[in-house]
Amino acid sequence: MAHMTSRALTVGFDLDMTLIDSRPGIHACYQALSARTGTYIDADLAVTRLGPPLADELVNWFPAEQVAAMADVYREMYPTHAIAPTPAMPGARAAIAAVQAAGGRAIVVTAKYEPNAKLHLEHLGIEPDAVIGDLWAEGKAEALLEHAADVYVGDHTGDVRGARTAEAYAVAVATGPCDAAELRAAGADVVLADLTEFPGWLESHRSRS
């Protein structure tokens, strides 16, 4: 199939719990938001269910009519509290590098507010070819289709749905809130323990396609 080789491989990656372990940073930001607003937020609980948009979490702690305003406050406080404590996931840098070394493009497609997503990547020295924020689940397909992504890598069943909607190969990593069985049930084409397995998977995937 000669036409396959004419276009560079494009691989999309989710951010939270796929490329970065954002739990410490988000935990700190929720604690700061709680202190600032005087509203109780169970930060320990909130970080067990990362992936969906911020508003989906805030609605558990604030009246619906305050959620948009609280999301703005959270995003504004986020760079101060959440960037420094957040490490890269094992294998994250090597996964991006493997795509680029193969002559491909690595893009990040995340539900996170785009300026804050970029701050995380800059802080960690991870350099994808593009970063697209504010997209969740099936909505991620919008960016995946626009960038002609062949593969999408994520840790949440919402990421799998995004990949399927874009007709991209759905690679799941069991490093977030969803276990391997849930990810498979959602339609993942392959489930890896974590991103350290990705370069090897990519090599075998490319040799097959």
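The values are calculated or read from the model by the stated rules, or taken from the named source; none is laboratory data. Remember, predicted model here, so these are calculated numbers, not experimental data. Heads up, the Cβs are rebuilt from the backbone with ideal geometry, glycines too, and the neighbour counts pull from every protein chain shown. Quick note on the areas: whole protein, heavy atoms, side chains included, nothing else; ligands and nucleic acids left out. Shrake-Rupley method; radii C 1.70, N 1.55, O 1.52, S 1.80 Å.
On the basis of being without any contact (Cβ under 8 Å) to a residue 60 or more places away in the chain and within 30 Å of His205 (Cα to Cα), does Gln100 make the cut? I'd like the intermediate steps shown before the answer.
Details: without any contact (Cβ under 8 Å) to a residue 60 or more places away in the chain: yes; within 30 Å of His205 (Cα to Cα): yes.
For Gln100, the condition - without any contact (Cβ under 8 Å) to a residue 60 or more places away in the chain and within 30 Å of His205 (Cα to Cα) - is met.
Just to verify a result, which residue in the stretch 69-83, among those that are farther than 18 Å from Lys118 by Cβ and in contact (Cβ under 8 Å) with a residue 24 or more places away in the chain, is surrounded by the most Cβ atoms within 10 Å (Cβ to Cβ)?
Met70
I need the full set of residues from the stretch 167-180 which are under 20 Å from Leu202 (Cα atoms) and either under 16 Å from the mean Cα position of the chain (by Cα) or of a type in the set (Phe, Trp, Tyr) (or both), in order please.
Result: Ala168, Tyr169, Ala170, Val171, Ala172, Val173, Ala174, Thr175.
Considering only the stretch 40-59, how many residues are free of Cβ contacts under 8 Å to residues at least 60 places away in the same chain and either more than 15 Å from Met17 (Cβ to Cβ) or of a type in the set (D, E, K, R) (or both)?
Residues that pass the stated criteria total 11.
Does the stretch 178-190 include one or more residues that are over 27 Å from Ala55 (Cα atoms), buried (at least 16 other Cβ atoms within 10 Å of the Cβ), modelled with pLDDT of 95 or more and hydrophobic (A, V, I, L, M, F, W, C)?
yes
Report, by residue number, each residue of the stretch 86-101 that is open to solvent by less than 30 Å² (accessible area, probe 1.4 Å) and part of a loop (DSSP other than H, G, I, E, B).
Answer for the stretch 86-101, where residues must be open to solvent by less than 30 Å² (accessible area, probe 1.4 Å) and part of a loop (DSSP other than H, G, I, E, B): Thr86, Met89, Gly91.
Has the stretch 62-85 got at least one residue that is touching an Asp or Glu at 6+ places or on another chain (Cβ under 9 Å), of a type outside the set (A, V, I, L, M) and assigned to a loop (DSSP other than H, G, I, E, B)?
no
I need the full set of residues from the stretch 107-138 which are open to solvent by less than 30 Å² (accessible area, probe 1.4 Å) and small (Gly, Ala, Ser), in order please.
Correct list: Ala111, Ala117, Ala130, Gly133, Ala137.
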